[in-house]
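J.: Please see the structure below; I have some questions.
The values are calculated or read from the model by the stated rules, or taken from the named source; none is laboratory data. The structure presented is a predicted model; accordingly, all values stated were derived computationally and were not measured. Here the Cβ positions follow ideal geometry from the backbone for every residue, glycine too, while neighbour counts run over all protein chains shown. What goes into the accessible areas is simple: the full protein's heavy atoms, side chains included, and nothing from ligands, DNA or RNA. Shrake-Rupley method; radii C 1.70, N 1.55, O 1.52, S 1.80 Å.
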Amino acid sequence: MEKQDLLNILIPILARFLQKKIFTTCGNFLDSPAWKTYTLLNICSLVEQSNLFESLWVEMANVDTVLESLRSDPHIRENITFWHTMPPQPAEYGPWPDGFSPELRDVLKQRGIERLYSHQAAAVDLVLRGENVIVVTPTASGKTMCYNLPVLHYLTQINPEARALYLFPTKALSQDQVLEARDIASQLGRDIKIHTFDGDTPQTARRAIRNSGHIVVTNPDMLHTGILPHHTLWIRLFENLQFVVVDEVHHYRGVFGSHLANLMRRLRRICRFYGANPRFIGCSATIANPKELSEQLFGVPFRLVDNNGAPRGEKHFIFYNPPVINQELGIRKSVINEASRIATRFLLQGIQTIVFGRSRLRVEILTTYLKRAMERHKKDPGLIRGYRGGYLPNERRDIEEGTRSGRYLGVVSTNALELGIDIGRLKAAVLAGYPGTIASTWQQGGRAGRTQESSVVFLVASSAPLDQFIIQHPRYFFSTTPESGLVNPDNLAILASHLKCGAFELPFNEGEPFGRVEVEGILRYLEEERVLRHSGEKWFWSSAAYPAEEISLRSASSENFVIINTSDGNRVLGEVDLHSAPMLIHEQAIYLHQSQPYVIDKLDWNGRTAYAREVDVDYYTDAVEESDIKVLTTDLCEPIQTERKDLSARIHRYFGEVAVSTIVPKYKKIRFETHENVGFGNIHLPQLDKQTESYWVEFPAELMEELARQQVDLGGGLRALATALGNVVPVFVLCDPRDISTAPMVRAPFSGLPTIYLYDVYPGGIGIARRIYDIDQQLFKAADDLLRGCQCKQGCPSCAGPPLEIGDRGKKSALELLEWLK
C-alpha cells in the first residue's frame, strides 16, 4: 500500500478521535492548514505520544471482515439456526416546537445538532404543551434529549426557579446520564445547578442540593429513603416541581415496578400537599404496553411517542445453537465455552465487544476464559473486564469509563449494563444464553451498534428449554411484539409497607385515595397494631421506627452481606444480598471477583460478614437449593375440564397463598473448562422463609392407581412435567424465568396427593401465579408440544430435564400425565 493511501485511511480515523477529544494535546489542530500536509510519520508519532495504539486498533476494526470469516467457518456456520440482517435506516426529522428557546437551539447547533429526530420533536412539543409523555424507541436513539430539552427550555424561558426530578433505576445510570445535561447547561452560560443525590453524595453537599438544585438526579431507593421521608427539608424542590423524569421505564416490572408505583403515589401525595402538579416524562426501550404500564406506575394519563426517527447502521442478529455432544441425552456444548469462543474471534480482531451472562457466576467464569484466551494469543488480558453487582462504585465507574474510551476492549456483564449507561461505540454483543424475554434480548443486543456503523449480535443458546424454543423458532422471536410489563401495585404486603411510609410523611385523611383500592381497612389494621393512631379524622404515625429503612424496593433484601478480603488487609471486596448469600458465600464457597477465585473461610451469618482469602484453584462451586411448601389459603378451586371425562373432572386446579421454606444443604465443585463435577460439600445455614402466591394442580388417588397399572413412574413424571411447565411459562406469562418456581410432590402435605406447584418467587406475589390459573390449558398444550418435539428418548436439558434427575421413564410418564390434563 502506498504511503498516501494509508494516510487517506488514517486521517478520517484520527479526525474522529479529535472530534471525540480522545487526546486533548492536539487542540484545534484539525482546523489548521498543517493538517492537510501532515506526514504519516507525524501521525504515527502523535498516536504513539498519546498512547492510542489500542484505541486506534479498536477504531479500525471491521465487523464485516469478522463476519465473513465466521460465514466461511463450517464449525460456526453449521450451528447457526438463523441469520437476520437489518438494513440501515436513515434519519427522520421533525420540526422544532413553536417558541422553542433560540439560545438552546444555538447550543445544540454548536454540538452538531441542526434538527431533532421525529420522536424527539414530537416528545418535546407534547411536554411543553403540558402532557405526560412516554417515549418508546430503541437503544441509542437519543431519548435523553426528549426530557433534557423541555426541562432546560422551561428553566431558561419560563421559570428559572422551576425544579425537575430525574429518576434512574441505578446509581450508575444516574451518574452517567447527568453529564449530558451538565454539558448543555454549561454551554448555555446559565446558572442551572444539576446535582446527583444518592448514597455516595457527601453530607456536606446535601444541604446545598436541597436548597439550590434545579435538576436533582437520583434513584428510586434514594427517593424512598432519603427524600420523601424528609420532604420538609426539600420544600423548594416540592413547591416548584414541574417535571418528573423516569428513564428506563421498561425496567420497572415485577416487584420493583410494584414498589415504584406505590412510591409514585407517595410522591404525588406530597406534591399535592405543596401545591405542585408536575408533568411526567418517561423513556423506555420497546415493550408491548408502554402506555398502560406508565399509567399503572404513575397514576396519570400518558401520550405515547414511538415514531423512532434515529438512524441505524446495518445490524446482524445471529442465532447460534451449540452442537450436540450427547445425541441420546440432547446435551449440547457449554453455552459459556461457545460464547467465549465466539467473543474471542471478535476481540482478537480488535472489535470492541460486550458479553452478557445470566448470573454473577457466569460473568466471572466468562471473564476468566476470555482473559486466558487473550494471554494465549499474546494479547493483554487487562483489556477484558467483568462488570456485575457487588463491585464497589469506583471499580464500576472505572470499567464504564474505560469501555467508553476504548481503554478496555471487552466487558463481560450481567444485565447491569443492559440499561442505558453510556459505554461507547461497541460493535459486537454476545449473549451467553437467552435473557428470558424478547424485550431484554433487544435491549442487550442494542448495546452494540450505537452508531451508524455495522454491528452484530450473537445469541448463543444454552440447553435450557426456553433457550431451545427461541433458538429453534426464530420467526417467533422476530415477529412477536416484546412482552408487556407486569406490575401489581396493590400487592397487600407492598401496599401496606408504603402506607406506613406515607403516614410517616403526612397523616392520612379519612377517605383519602391511595391508588385504586380502598385502604381504610389497612389503616385500621395498622392502628390495631399500634403503628398508626387515629385522631380527628386522620391517621398519624405513632411508632418509633423509621419505616422506609425496613422496606427494600427490589427483590433482594436490604440486609446485605459484606465480603472481607483477608489476603489484603481486610479490605472490603464486595457485597451480596441476603437471599443470594447461602448460594454464593457459604463456607468453602469459591467466590469469583474479576475472575480471581477467593475461598470463603468463614461466614458470620448474624454479623452479615463473609471472610474471603485469595486462592489458586481450578474449580468453582455451585450450591443446591431445596424448598418446602405449605398451603395457607385456597382462594380459587375448580375441576379441570378436558376431553378425558372419566377422571379429568376429579383433577383440580387451585390458586392461593403458600409458605415457602428454602434451605441450601450442599454444594458441588465444578472444574473450569470441562465443567465436570469433581466433589461436593455440605452447607449448614439457617432456613429462609417467605409467603407468596401459588398455582397448583392436584391429581386424585384413582389416577394414581391407574398410572400404577400402566407402570408409570409417578415421581419422575411429576418432576419432568413440572420442569416442562416451568420452562414454557415465560412464553405465555410476561415474566422472567427466574420470577416463577416449581415444586413437584408425590404426596403433598396439604392433601396427601400428587401435586405440582408453580409459585411466585417474590414474597406476596406479583400476579404470575394468578395468570397461570387463567391460562393453564395453554401451558399444558405447550408442555406437551415441547416434550413431543424433542428428539431425545428419556428426557434431556432441552425438554424435561436429564434422566439422572427425572429417571429413565420420567419423560414418558410426563406425557401420560398430560393426557389427563389437556
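J.: Report yes if Val66 is modelled with pLDDT under 50, in a helix (DSSP H, G or I) and surrounded by 11 or more Cβ atoms within 10 Å (Cβ to Cβ), otherwise no. Reasoning before the result, please.
T.: On the way: modelled with pLDDT under 50: no; in a helix (DSSP H, G or I): yes; surrounded by 11 or more Cβ atoms within 10 Å (Cβ to Cβ): yes.
It is false that Val66 is modelled with pLDDT under 50, in a helix (DSSP H, G or I) and surrounded by 11 or more Cβ atoms within 10 Å (Cβ to Cβ).
J.: When Glu673 is evaluated against the numbered criteria (1) of a type outside the set (S, T, N, Q); (2) assigned to a loop (DSSP other than H, G, I, E, B); (3) over 30 Å from Gly765 (Cβ atoms); (4) modelled with pLDDT of 90 or more, which criterion, by number, is the only one it fails?
T.: Of (1) of a type outside the set (S, T, N, Q); (2) assigned to a loop (DSSP other than H, G, I, E, B); (3) over 30 Å from Gly765 (Cβ atoms); (4) modelled with pLDDT of 90 or more, only one is false for Glu673: (4).
J.: Considering only residues that are open to solvent by less than 10 Å² (accessible area, probe 1.4 Å) and within 29 Å of the chain's Cα centre (by Cα), which ones fall in the stretch 137-154? Break it down into steps so the answer makes sense when it comes.
T.: Quick first cut of the stretch 137-154, residues open to solvent by less than 10 Å² (accessible area, probe 1.4 Å) only: 137, 141, 146-152.
Of everything in the stretch 137-154, those that are open to solvent by less than 10 Å² (accessible area, probe 1.4 Å) and within 29 Å of the chain's Cα centre (by Cα) turn out to be Thr137, Ser141, Cys146, Tyr147, Asn148, Leu149, Pro150, Val151.
J.: Does Asp191 fit the bill of being within 25 Å of Leu149 (Cβ to Cβ), among the charged types (D, E, K, R) and not in a helix (DSSP H, G or I)?
T.: Numbers: within 25 Å of Leu149 (Cβ to Cβ): yes; among the charged types (D, E, K, R): yes; not in a helix (DSSP H, G or I): yes.
Yes, satisfied.
J.: Given the conditions (1) more than 15 Å from Leu466 (Cβ to Cβ); (2) at pLDDT 85 or above; (3) assigned to a helix (DSSP H, G or I); (4) open to solvent by less than 40 Å² (accessible area, probe 1.4 Å), report the number of the one that Asp774 does not fulfil.
T.: Here Asp774 clears every test but (4).
J.: Which one of these does Ile423 not meet: (1) open to solvent by 30 Å² or more (accessible area, probe 1.4 Å); (2) under 17 Å from Ala140 (Cβ atoms)?
T.: Of the numbered conditions (1) open to solvent by 30 Å² or more (accessible area, probe 1.4 Å); (2) under 17 Å from Ala140 (Cβ atoms), the odd one out for Ile423 is (1).
J.: Please work out which residue is modelled with the lowest pLDDT, limiting yourself to the stretch 557-589 and to residues that are open to solvent by less than 30 Å² (accessible area, probe 1.4 Å) and assigned to a loop (DSSP other than H, G, I, E, B). Don't jump to the end; show me each part of the working.
T.: Start the filter on the stretch 557-589 by keeping residues that are open to solvent by less than 30 Å² (accessible area, probe 1.4 Å), which leaves 557, 561, 563-565, 573-574, 576-578, 581-582, 585-586, 589.
Next, from what is left, pick out any that are assigned to a loop (DSSP other than H, G, I, E, B): 557, 577-578, 585-586, 589.
Values: Ser557: 47, Asp577: 71, Leu578: 76, Ile585: 94, His586: 95, Ala589: 95.
The qualifying residue modelled with the lowest pLDDT is Ser557.
J.: On to the next question. Mind listing whichever residues of the stretch 373-404 are open to solvent by 40 Å² or more (accessible area, probe 1.4 Å), more than 28 Å from Gly436 (Cβ to Cβ) and not acidic (Asp, Glu)?
T.: Of everything in the stretch 373-404, those that are open to solvent by 40 Å² or more (accessible area, probe 1.4 Å), more than 28 Å from Gly436 (Cβ to Cβ) and not acidic (Asp, Glu) turn out to be Arg376, His377, Lys378, Lys379, Asn394.
J.: Considering (1) closer than 24 Å to Ala288 by Cα; (2) out of contact with any Cys (no Cβ under 9 Å at 6 or more places or on another chain), say which one Leu409 fails and leave the rest.
T.: Unmet condition: (1).
J.: Does Arg747 qualify as being open to solvent by 40 Å² or more (accessible area, probe 1.4 Å) and in a loop (DSSP other than H, G, I, E, B)?
T.: On the way: open to solvent by 40 Å² or more (accessible area, probe 1.4 Å): yes; in a loop (DSSP other than H, G, I, E, B): yes.
Yes.
J.: How many of the residues in the stretch 194-228 are part of a helix (DSSP H, G or I), farther than 15 Å from Tyr166 by Cβ and open to solvent by 20 Å² or more (accessible area, probe 1.4 Å)?
T.: Total meeting the criteria: 10.
J.: Within the stretch 101-127, which residues are farther than 17 Å from Gly309 by Cβ, crowded, with 17+ Cβ neighbours inside 10 Å and either hydrophobic (A, V, I, L, M, F, W, C) or within 34 Å of the chain's Cα centre (by Cα) (or both)?
T.: Correct list: Leu104, Val107.
J.: Please enumerate the residues belonging to the stretch 620-642 that are touching a residue at least 40 places away in the same chain (Cβ under 8 Å), open to solvent by less than 60 Å² (accessible area, probe 1.4 Å), assigned to a strand (DSSP E or B) and farther than 30 Å from His593 by Cα.
T.: Residues satisfying the conditions are Ile629, Val631, Leu636.
J.: Does Asp784 meet the test of being in a helix (DSSP H, G or I), crowded, with 18+ Cβ neighbours inside 10 Å and of a type in the set (Asp, Glu)?
T.: Yes, satisfied.
J.: Can you find a residue that is part of a strand (DSSP E or B) and either touching a strand residue (DSSP E or B) at 6+ places or on another chain (Cβ under 7 Å) or at pLDDT 85 or above (or both) anywhere in the stretch 497-512? Don't jump to the end; show me each part of the working.
T.: As a first pass, look at the stretch 497-512 and keep what is part of a strand (DSSP E or B): 508-509.
Restricting the remaining residues to those that are either touching a strand residue (DSSP E or B) at 6+ places or on another chain (Cβ under 7 Å) or at pLDDT 85 or above (or both) gives 508-509.
Yes - at least one qualifying residue is present in the stretch 497-512.
J.: Condition first: of a type in the set (Val, Ile, Thr) and open to solvent by 10 Å² or more (accessible area, probe 1.4 Å). Can you find one or more residues in the stretch 267-280 that meet it?
T.: Of the residues in the stretch 267-280, the ones of a type in the set (Val, Ile, Thr) are 270.
Subsequent filtering for residues that are open to solvent by 10 Å² or more (accessible area, probe 1.4 Å) retains none.
The answer is no; no qualifying residue exists.
So that you can scan it fast, the table gives a plain yes or no per residue for (1) hydrophobic (A, V, I, L, M, F, W, C); (2) more than 22 Å from Asp64 (Cβ to Cβ); (3) in a strand (DSSP E or B); (4) under 19 Å from the mean Cα position of the chain (by Cα):
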{"position": "Thr344", "(1), (2), (3), (4)": "no, no, no, no"}
{"position": "Ile354", "(1), (2), (3), (4)": "yes, no, yes, yes"}
{"position": "Gly386", "(1), (2), (3), (4)": "no, yes, yes, yes"}
{"position": "Gly389", "(1), (2), (3), (4)": "no, yes, no, yes"}
{"position": "Arg397", "(1), (2), (3), (4)": "no, yes, no, yes"}
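Every residue, every condition in (1) more than 28 Å from the chain's Cα centre (by Cα); (2) over 25 Å from Arg404 (Cα atoms); (3) hydroxyl-bearing (Ser, Thr, Tyr), yes or no:
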| position | (1), (2), (3) |
| --- | --- |
| Arg163 | yes, yes, no |
| Ala208 | yes, yes, no |
| Ile227 | no, yes, no |
| His230 | yes, yes, no |
| Ser258 | no, yes, yes |
| Ala261 | no, yes, no |
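J.: Identify all residues within the stretch 469-479 that are open to solvent by 10 Å² or more (accessible area, probe 1.4 Å), in a helix (DSSP H, G or I) and of a type outside the set (Gly, Ala, Ser); write none if there are none.
T.: Phe469, Gln472, Pro474, Arg475, Tyr476, Phe478
J.: Considering each residue of the stretch 114-136, count those that are more than 13 Å from Gly94 (Cβ to Cβ), of a type outside the set (Lys, Arg) and not in a strand (DSSP E or B), and give that number.
T.: 5
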